[in-house]
1. Tell me which cysteines of the chain come out unpaired when the rule is another cysteine's Cβ under 4.7 Å.
2. Can you list the trypsin sites (Lys or Arg not before Pro) in segment 216-283 that are in a DSSP coil and have 11 or fewer other beta carbons within 10 angstrom?
3. Using the beta-carbon distance between Arg144 and Arg268 and R0 = 41 Å, what value does 1/(1 + (r/R0)^6) give for FRET efficiency, to the nearest 0.05?
4. For the chain, with equal point scatterers placed on the C-alpha atoms only and solvent neglected, what are the log10 I(q)/I(0) values from the Debye formula at q = 0.10, 0.12, 0.15 1/Å, to two decimals?
5. To the nearest 10 square angstrom, how much accessible area does Met90 have with a 1.4 angstrom probe?
6. Which trypsin sites (Lys or Arg not before Pro) from segment 116-179 combine a DSSP loop assignment with at most 16 other Cβ atoms within 10 Å?
7. Applying 1/(1 + (r/R0)^6) with R0 = 45 Å to the Cβ-Cβ distance of Asp249 and Glu157, what FRET efficiency is obtained, to the nearest 0.05?
8. Give a quick list of trypsin sites (Lys or Arg not before Pro) in segment 13-120 that DSSP marks as loop, anything other than H, G, I, E or B, with at most 16 other Cβ atoms within 10 Å.
Amino acid sequence: MTVTRFAPSPNGSLHLGHAYSAIVAHDLAQARGGRFLLRIEDIDGSRSRADLAEEFRADLAWLGLDWEEVPAQSSRIASYEAAAQALREMDLLYPCRCTRAEIAAAALTKGPDGPVYPGTCRGAERDFTGPVAWRLDVKEALARTGPLTWIDELAGEQIARPDLAGDVVLVRKEADTPASYHLAATLDDAADGVTLVTRGMDLFAASHVHRLLQALLCLPVPVWHHHALLLDAVGTKLAKRRNSPSLTDRRRADEDGRALADALRQGRLPAGIRLSEGLDGTP
Ligand code: GLU
């Protein structure tokens with residue numbers, strides 16, 4: 001059975017891009033007789049707000065979607081810690097004390113999420129005490145798993161290239177975050193039985209990393225569907241704190257949410273907003 005999910009982080013209101021993402025996940029599950037899950041990704045301690053999660057539910061209902069809600073990330077911390085521990089026991093994690101500025105200065109390449117960490121701390125003594133970031137030794141991890149592939153429904157079969165993102169952070173002790181997005185989302189998708197990971201194509205590169213984590217942690221491998229993005233007039237992706245009225249604003253202004261959802265489905269977008277080209281080449 002197809003199981004999809006929408007996994008918003010309650011650190012800002014949802015906008016039209018989120019609505020589009022939720023509708024894609026919902027409709028793909030519905031068309032295939034499957035299930036559509038809502039998971040609140042609330043482990044960014046300093047920025048997560050419970051009141052926003054409540055607004056998210058109201059926004060989705062207003063769009064005419066129905067869903068099954070699975071436990072929020074904040075209730076799953078033990079599973080993240082266990083996985084991080086398992087990776088540490090495999091000797092695949094190392095502590096890093098570099099600051100953002102140091103990484104930017106030392107980076108040799110630019111990856112999908114900015115400067116790629118060049119592995120400065122990889123060879124140093126593995127002292128995990130204190131406020132450090134725990135990084136995955138991606139080259140060593142890939143050497144252990146061997147070559148990996150994954151499938152995006154729109155882009156086709158991919159050879160996993162987690163190395164392009166560098167040695168990603170999996171735990172942020174320095175920010176008191178028990179797991180990075182990569183580790184938490186990968187574990188949760190497996191625990192929730194998600195078979196089709198739907199999200200925007202801006203997160204395509206993350207899936208290379210997630211595929212590696214699945215292999216290391218013996219998790220089931222889903223199929224991915226990275227959908228096109230809603231862009232503003234200058235071609236920038238809609239963002240939480242920028243350029244787009246929130247769904248909550250629209251709902252409170254008594255706009256018709258179901259009509260908006262149908263318009264998004266049909267590609268009838270509000271003035272100044274357009275859909276990027278998709279991974280299958282369609283607009
Ligand atoms: N919490 C992530 C976000 O809001 C979810 C990304 C995903 O769907 O994997 O961007």
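The values are calculated or read from the model by the stated rules, or taken from the named source; none is laboratory data. Just so it is clear, the structure is predicted and the values come from calculations on it, not from any experiment. So basically every Cβ, Gly included, is an ideal-geometry build from the backbone, and we count neighbours across all protein chains shown. Accessible surface is based on the protein model in full, side chains and every heavy atom, while ligands, DNA and RNA are left aside. Shrake-Rupley method; radii C 1.70, N 1.55, O 1.52, S 1.80 Å.
1. Cys98, Cys218
2. Arg241, Arg242, Arg268
3. Values: r = 49 Å, r/R0 = 1.19.
After rounding, the FRET efficiency stands at 0.25.
4. -0.55, -0.79, -1.22
5. The accessible area of Met90 comes to roughly 60 Å².
6. Values: sites: Arg122, Arg126, Arg135, Lys139, Arg144, Arg172, Lys173; in loops: Arg122, Arg126.
Answer by residue number: Arg122, Arg126.
7. 0.65
8. When the trypsin sites (Lys or Arg not before Pro) of segment 13-120 are filtered for loop state and at most 16 Cβ neighbours within 10 Å, Arg32, Arg47, Arg49, Arg97 remain.
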